[in-house]
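All remarks here apply to the structure that follows.
Each value in this text was obtained by applying a stated rule to the coordinates, not by laboratory testing. Note that the structure is a prediction, hence the values are computed from the model and not measured. Every residue, glycine among them, receives a Cβ derived from its backbone with ideal geometry; neighbour counts consider all protein chains shown.
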């Protein structure tokens with residue numbers, strides 16, 4: 001698990017170094033908005049790693065024999081589903097209130113094997129059915145945003161920091177933010193598995209995660 005979190009942090013550090021190398025610190029508000037904008041790239045790439053991380057948790061919790069190659073193939077073959085989850089997650093994450101949707105949708109994709117908008121649909125249903133998801137995600141989202149904001153608005157008051165060093169420092173803050181995201185994902189996926197129920201996207205009934213058909217409406221679930 002530590003390896004996945006480390007990879008997520010390193011990848012986002014590199015993304016930060018690439019996108020922040022030409023950004024001016026003269027206006028901290030503009031810098032912060034720029035970071036929020038290119039975060040779409042962070043979510044797109046990190047979702048691939050988060051998918052692998054979620055499959056790893058699933059493997060350990062269910063004691064499944066799932067080789068790493070199979071995890072990679074499942075992730076790559078569903079890159080379009082991850083792109084959807086990434087984009088919706090990117091939009092909702094800054095609302096704070098709906099920020100857990102990104103992590104729940106990732107669990108819905110990897111654990112219950114929902115696809116497309118069904119992952120988002122179940123994410124909303126799970127969020128209001130299991131309030132614990134707020135506790136497991138919102139504090140980490142707020143902490144991550146706070147760390148980045150503190151770094152952005154404090155660097156301009158440190159005269160010793162030159163144009164060469166500030167991308168490194170801000171990228172470190174972004175990496176720390178994604179460590180918090182990784183913790184939120186781990187807690188969300190574990191809670192999702194421990195609860196043991198997914199929600200039928202057709203009628204809203206709770207059914208076992210492994211169920212292929214809804215016992216209430218009879219519709220086939222995408223699993």
| field | Sites residue 146 and residue 220, calculated FRET efficiency, Cβ-Cβ separation with R0 35 Å, nearest 0.05 | value | 0.20
| field | Between the range 43-91 and the range 126-202, the alpha-carbon center distance in angstrom | value | 18
| request: Order the peptides 195-202, 34-41 from the highest to the lowest mean number of other Cβ atoms within 10 Å of their residues. | output: 195-202, 34-41
| query | Of 80, 181, 56, how do they rank once you tally other Cβ atoms within 10 Å and put the fewest first? | reply | 80, 56, 181
| task | Measure nothing but the geometry: give the 0 to 90° angle between the long axis through the Cα atoms of 28-62 and the longest principal axis through the Cα atoms of the chain, rounded to 10°. | result | 40
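Sort 3, 142 by Cβ crowding within 10 Å, fewest neighbours at the top.
Ranked by crowding around the Cβ, least crowded first: 3, 142.
Test of understanding: ordering 171, 30 by Cβ neighbours within 10 Å, fewest first, what list do you get?
On the way: 171 21, 30 13.
Ordered from fewest to most neighbouring Cβ atoms within 10 Å, 171, 30 come out as 30, 171.
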| task | Sort the following peptides by mean Cβ neighbour count (other Cβ atoms within 10 Å, averaged over residues), highest first: 113-124, 146-157, 89-100. | result | 113-124, 89-100, 146-157
| field | Angle in degrees between helix 166-195 and the longest Cα principal axis of the chain, rounded to the nearest 10 | value | 20
| request: Quickly estimate the mean residue ellipticity at 222 nm for the chain, helices only: each DSSP H run with n ≥ 4 gives -39500 (n - 2.57), and the total goes over all residues, rounded to 500. | output: -24000 deg cm²/dmol
| Rounded to 10°, Cα long-axis angle of helix 68-77 versus longest principal axis of the chain | 90
